[in-house]
Amino acid sequence: MSDNKPTVGFIGFGDQGAPIAQAIADGGYPLHVWARRPESLMALEGHAFTTHSSVSELAAVSDIVGLCLREDSDNLQVAVEGRLLENMRRGAVLVNHGTGLPQAARELVRLAEPYGVDVLDAPVSGGRAVALARQLTTIVGGRTQVVERLTPVFRTFSKEVIHVGPAGSGQYGKLFNNALMMMNHQNVIEVLDLARSLELPVRPLLDVLRSGSASSFALQAIGPSITSENVHHLQPLELLDMQLFSGAVDALGNQAHTVVERAIDGARRLDELTAVVGA
C-alpha cells in the first residue's frame with residue numbers, strides 16, 4: 001500500500017454492506033465498486049465511488065477488497081469463478097464482512113495464498129441502524145500485522161474493532177455473539193409468557209426489564225431495531241446464522257446441544273416476541 005490512503009474495492013450493498021461502503025468513501029478512501037444488480041448502487045448516491053463493469057477490473061485497481069455477501073458460497077463464487085483472487089495485486093487484502101463458517105474463512109485463506117493475497121474474516125455486529133450510525137462492532141480473524149494495517153479502514157464504520165485471533169476466529173466471535181443474543185430472546189419470551197399467565201401488564205414490566213439489571217442488547221433491540229415490520233426479513237437471517245453456529249460447533253457433539261437448541265428456539269420465536277411486545 002502507498003503512503004496515500006489505500007484504494008478499497010467493495011462488493012455487496014445490502015442492509016449493512018451499503019452503510020459500510022458509504023462510511024469508507026466518506027472516510028476519504030478511494031472506493032471502487034461492482035454489483036451484480038446495478039440498481040443496488042443507488043444506495044451509494046451522494047458518496048464518491050467508481051463503478052467497474054467486472055470483478056476482475058475492480059480487483060486490479062484495489063489494495064483492499066471488501067465482500068459483504070449473504071453466504072460463503074457467494075464469496076467463493078466471486079473470489080474464484082469471478083476471478084477476484086486471480087486479478088488482485090500481490091500484497092492486497094481480501095476482507096469478508098459477511099457471516100459464515102470459520103472453516104470457510106480458513107478455506108478462503110488457502111485459496112488466496114498462491115496469489116500472495118492476505119485474507120481477513122471481519123464480520124460485523126449491530127444491525128442496519130447501528131451500521132447507519134457507523135457504530136458497528138467489527139470482529140476480526142487473521143494475521144495481526146494485516147489487521148493492524150486495515151484497522152483505520154474498519155474504524156470508519158466501527159465503534160469497536162476487536163481482533164479475536166487467527167483466520168476463522170472472527171466468524172467464531174460473530175456466531176457466538178449471535179447465539180447468545182438469540183438465547184437471550186428466548187429468555188425474554190419465557191419470562192413474558194409467565195407474566196401473561198399471571199395477567200400482568202406487559203409494557204410496564206418491559207420498562208422494568210429494560211431499565212433494571214436484567215437489561216440486555218437483545219431486549220433493547222425489540223422495538224427500535226427489530227419490529228413487526230422487519231422481523232420477517234430478519235428472522236430467516238437469524239435462523240441461517242444459527243445453522244452456521246450449529247455447523248461451527250458440530251465437532252463438540254452433545255456438549256453444544258443445549259446452547260444450539262436454545263439459540264435456534266430464540267430465532268424461531270422472534271416474530272412471536274415482537275407481537276407480544278407490540279413492536
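The values are calculated or read from the model by the stated rules, or taken from the named source; none is laboratory data. All of these numbers come straight from a predicted model, not from anything done at the bench. Glycine also receives a Cβ, built like all others from the backbone with ideal geometry; neighbour counts cover every protein chain displayed. Protein only, heavy atoms only, side chains kept; ligands, DNA and RNA dropped before computing areas. Shrake-Rupley method; radii C 1.70, N 1.55, O 1.52, S 1.80 Å.
Observations on the model:
- Within the listed set Pro152, Pro114, Pro204, the Gaussian network model of the chain (springs between alpha-carbon atoms below 10 Å) gives the highest mean-square fluctuation for Pro204.
- For the chain, modelled as a GNM whose springs connect Cα atoms under 10 angstrom apart, the maximal fluctuation among Leu136, Leu234, Leu69 occurs at Leu234.
- Rounded FRET efficiency, nearest 0.05, which uses the C-beta distance separating Ala251 from Arg196 and R0 of 41 Å: 0.55
- Across segment 216-279, the mean sequence separation of Cα contacts (distance under 8 Å, 6 or more residues apart), normalised by length, yields a relative contact order of 58 percent.
- Taking every DSSP bridge with both residues inside the chain, close to 10 percent are antiparallel.
- Cα gyration tensor, segment 1-77 - rounded (a/c under 1.5), prolate or oblate: oblate
- In degrees, nearest ten, helix 257-268 long axis to first principal axis of the chain (Cα): 90 degrees
- In plain terms, if you count all Cα to Cα distances in segment 5-45 and split them into 5 Å steps from zero, the share in each step is 6, 26, 37, 22, 8, 1 percent.
- Summed over the residues of segment 151-249 and divided among them, the accessible surface reaches 50 Å² per residue at a probe radius of 1.4 Å.
- Helix-derived mean residue ellipticity, 222 nm - over the chain, DSSP H n ≥ 4, -39500 (n - 2.57), to 500: -14500 deg cm²/dmol
- Using alpha carbons only: equivalent-ellipsoid semi-axes of the chain, gyration tensor based, whole Å: 36, 21, 16
- Rounded to the nearest 20 debye, the dipole magnitude of segment 148-279 is 400 debye, with +1 charges on Lys and Arg beta carbons, -1 on Asp and Glu beta carbons, and the Cα centre as origin.
- Full extension of the chain segment joining Thr144 with Arg90 gains 17.6 nm, where the gain is 0.36 nm per residue of separation less the Cα-Cα distance.
- Ligands, DNA and RNA left out, the accessible area of the chain computed with a 1.4 Å probe is 52% carbon and sulfur.
- Other residues within the sphere of radius under 11 Å centred on the Cβ of Pro166, judged by their own Cβ, net out at +1 (K and R +1, D and E -1).
- Between segment 81-157 and segment 209-279, the Cα center-to-center distance that results, in Å: 25 Å
- For the chain, the dipole from Cβ point charges (+1 on Lys and Arg, -1 on Asp and Glu) about the Cα centre works out to 500 debye, to the nearest 20.
- Inverse of mean 1/r across different Cα pairs in segment 78-217, Kirkwood, Å: 17.2 Å
- Site pair Glu229 and Phe217 shows an inter-label distance of 2.4 nm when each label is modelled 7 Å from Cα along Cα→Cβ.
- Each Lys or Arg adds one and each Asp or Glu subtracts one; over the other residues with Cβ under 13 Å from the Cβ of Thr51, this totals -1.
- Length gained when the stretch Asp207-Lys5 is fully extended (0.36 nm per residue, less Cα-Cα span): 68.1 nm
- Calculated on the alpha-carbon coordinates, the convex hull of segment 56-145 measures out at 100 cubic angstrom per residue.
- Computed from the C-beta positions of Glu113 and Lys159 and an R0 of 30 Å, the FRET efficiency is 0.40 to the nearest 0.05.
- Protection proxy ranking of 101-107, 39-45 - average other beta-carbon atoms within 10 Å, highest first: 101-107, 39-45
- Counting every C-alpha pair in segment 107-163, the share spaced more than 17 angstrom apart comes to 41%.
- Per-residue SASA entry for Asp250, accessible area with 1.4 Å probe, Å² rounded to 10: 110 Å²
- Spin-label pair Leu240/Glu57, simplified geometry with 7 Å Cα→Cβ offset, distance in nm: 2.8 nm
- Here, P(r) means the percent of Cα pairs in each 5 Å bin from 0 to the largest distance; for segment 182-260 it is 3, 12, 18, 21, 17, 15, 9, 4, 1.
- Isotropically averaged projected area of segment 226-267, using the convex hull of Cα atoms (one quarter of hull area), nm²: 2.8 nm²
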